[in-house]
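Heads up: the structure comes next, in C-alpha cells.
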Amino acid sequence: LDRAALSQYFDVADSVKFTSEKTHNVAPGQTVKHYSPNVPCFMVSSSRQGSQPRPDLSDEERTVLSKSVIIDCGRRLSQYQECALAYRDLSSDCEPEMAAANIFETLRWSETVSGAERVFVPDMQLDPNESEEHALTLAVKDKLTRAASAVVVESFETSA
C-alpha cells in the first residue's frame, strides 16, 4: 500500500481466527446421528429379514411393533407391516435412485406418526459383487445406519 501511495486511504488489519486444537471440527453430515429421527431408531438384523408371510413373533415383540414405525427398503421388513403402527418403503423394488430421493422425507415423516415410540430400518447387507454403479445403494445404507446410530437389533423386544 505504501508503494502505491494508498496507505493514507486504507487501514489494513490482520486478525487470524482459528478453532482450538481441542475442538473437533465435524460437519453435521459426518456425525453418526445426523439422520436420526427424534424417535429411537434401530436397524433390524439381516437374520430377521425375509419374506415369511407370518413371522414368528413373541407377544412382547408384537406389542413393541404396534407402537413402532417401520421404514423399509426393498421389502426386507414387509412381513412385519401388519404388526407395525406405520410402514413405509423407500422403494419396494429397491431402486437406489428412488430410495435415496425418499430417505430424508421418510425419516422426518417417522417423527410425525402419532404414538410412535421406535423406528425400525433394515440392516442392508449388500452384494459384494455389486458394481460401483450402485453408489446410491451405499448412500442409502449409510443414511439408514446413521439414522439408527449403527445399532443393530436381533429382536423387537424392549430389552433389545
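The values are calculated or read from the model by the stated rules, or taken from the named source; none is laboratory data. Please read all numbers here as calculations on a predicted model, not as lab measurements. Here the Cβ positions follow ideal geometry from the backbone for every residue, glycine too, while neighbour counts run over all protein chains shown. Side chains are part of the model used for accessible areas, which takes the heavy atoms of the whole protein and leaves out ligands, DNA and RNA. Shrake-Rupley method; radii C 1.70, N 1.55, O 1.52, S 1.80 Å.
Checking each residue in region 92-101 for being of a type outside the set (D, E), over 14 Å from the mean Cα position of the chain (by Cα) and on the phi < 0 side of the Ramachandran plot picks out S92, P96, M98. For region 57-69, a residue qualifies if it is in contact with a helix residue (DSSP H, G or I) (Cβ under 6 Å, 6 or more places away or on another chain) and open to solvent by less than 50 Å² (accessible area, probe 1.4 Å), and the qualifying residues are L65, V69.
Exactly one residue out of L136, L90, L85 is under 26 Å from E60 (Cα atoms) and surrounded by 15 or more Cβ atoms within 10 Å (Cβ to Cβ), and it is L85.
With the condition kept exactly as written, say whether any residue in region 139-154 is out of contact with any Ser or Thr (no Cβ under 7 Å at 6 or more places or on another chain), of a type in the set (A, V, I, L, M, F, W, C) and at pLDDT 95 or above. No, because not a single residue in region 139-154 is out of contact with any Ser or Thr (no Cβ under 7 Å at 6 or more places or on another chain), of a type in the set (A, V, I, L, M, F, W, C) and at pLDDT 95 or above.
Check whether at least one residue in region 30-37 is at pLDDT below 70, aromatic (F, W, Y) and either over 19 Å from E154 (Cα atoms) or out of contact with any Cys (no Cβ under 9 Å at 6 or more places or on another chain) (or both), and report yes or no. Checked against the condition, which is being at pLDDT below 70, aromatic (F, W, Y) and either over 19 Å from E154 (Cα atoms) or out of contact with any Cys (no Cβ under 9 Å at 6 or more places or on another chain) (or both), region 30-37 yields at least one hit. All of E97, E117, E105 fail the test of being open to solvent by 70 Å² or more (accessible area, probe 1.4 Å), in contact with a Lys or Arg (Cβ under 6 Å, 6 or more places away or on another chain) and not β-branched (V, I, T), apart from E117.
The rows are residues; the columns are (1) under 13 Å from P37 (Cβ atoms); (2) at pLDDT 90 or above; (3) basic (K, R).
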residue: C83; (1), (2), (3): no, yes, no
residue: I103; (1), (2), (3): yes, yes, no
residue: R108; (1), (2), (3): yes, yes, yes
residue: T112; (1), (2), (3): yes, yes, no
residue: R118; (1), (2), (3): yes, yes, yes
residue: D123; (1), (2), (3): no, yes, no
residue: T158; (1), (2), (3): no, no, no
